[in-house]
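The values are calculated or read from the model by the stated rules, or taken from the named source; none is laboratory data. Please read all numbers here as calculations on a predicted model, not as lab measurements. Methodologically, a virtual Cβ is constructed for each residue, glycine included, from the backbone with ideal geometry; neighbour enumeration extends over all protein chains shown.
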């Protein structure tokens, strides 16, 4: 679908970072006028909803510098170049929770902020978890704490804004619509 | 919650745009090491789920330059400085659909990409819509087309990735959990 397409006249790279890349495009609008679009390029991300045998959901709490506070979220991480989303899901599960799985189910994919960023988020779910024998270290600049919550407890966290994150709020609604909980 | 707090050593402004602001912070991690955080500052956004008398959901299709394609989304827009989210919701409804309402219900708020951006998204729903007598013009660089879909049609759009957007996918799941549809 290319309805209302905006043609690029000129694209200026502003910043080439570790995670985000910023460019500003001059575009021609459908009415012939021109405008500027500020665009964040992002490698994409993958999240997993891990469900234990006793039907608890595994979350991680971590500090989010852009918000200057910590949030409770489902495990997630950036797609590495050439990595399949399923592989990212298992890697993040292993690094952040100490569990692994070989049974993943695709839940959804969506752009997190299509107005200014191209980040595509993939979400998977697994209720076939196995504990890892040895802990795997994740990113050296990531500090997370694990929480196992029932769906009801997670819904309470949403009310208290301790869970307040697109992928995690989506995951909780998704579980509400399922029979598995 | 300030668990695992990352203290700012230095903050460098990289870009000050119309929509996004980019800064790179040097931070001290909980283990005493340092790291860099690339942070997008965004004014926040508000979306509304408009439901017509015959239980159709009003969507807008628009070109999303970061993705180089158009998406079907619920009406949404940026918070203006000092504006209450409820006012943004009504303004965007009026500008994008030609309807208005004086009955809004809060659905949820969440950060869209807490790893790199502070954008907070508020979502409201209304099934008490009234047609505006006169059309209100919106942003001069916004071109949208209106679609009215049943919930089943919207779910089909999700399967086809014509709807693939955090707030809109969330809205559709939310409606699935309600009796009102």
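Every residue, every condition in (1) under 17 Å from residue B:111 (Cβ atoms); (2) not in a loop (DSSP other than H, G, I, E, B), yes or no:
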| position | (1), (2) |
| --- | --- |
| A:123 | yes, yes |
| A:138 | no, no |
| A:147 | no, yes |
| A:153 | no, yes |
| A:168 | yes, yes |
| A:175 | no, yes |
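Conditions (1) in the same structural domain as residue A:168 (by the TED database); (2) more than 30 Å from residue B:3 (Cβ to Cβ); (3) within 16 Å of the chain's Cα centre (by Cα), marked per residue:
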| site | (1), (2), (3) |
| --- | --- |
| A:11 | no, yes, no |
| A:63 | yes, no, yes |
| A:92 | yes, no, yes |
| A:106 | yes, yes, yes |
Qualifying residue in the range B:141-161 (condition: at the interface with chain A (Cβ under 9 Å from one of its Cβ atoms) and modelled with pLDDT of 95 or more): yes
Residues located in the range B:123-140, provided they are within 11 Å of chain A (Cβ to nearest Cβ) and in contact (Cβ under 8 Å) with a residue 40 or more places away in the chain: B:123, B:139
Only one of B:89, B:117 that is farther than 30 Å from residue A:21 by Cβ and in contact with a strand residue (DSSP E or B) (Cβ under 6 Å, 6 or more places away or on another chain): B:89
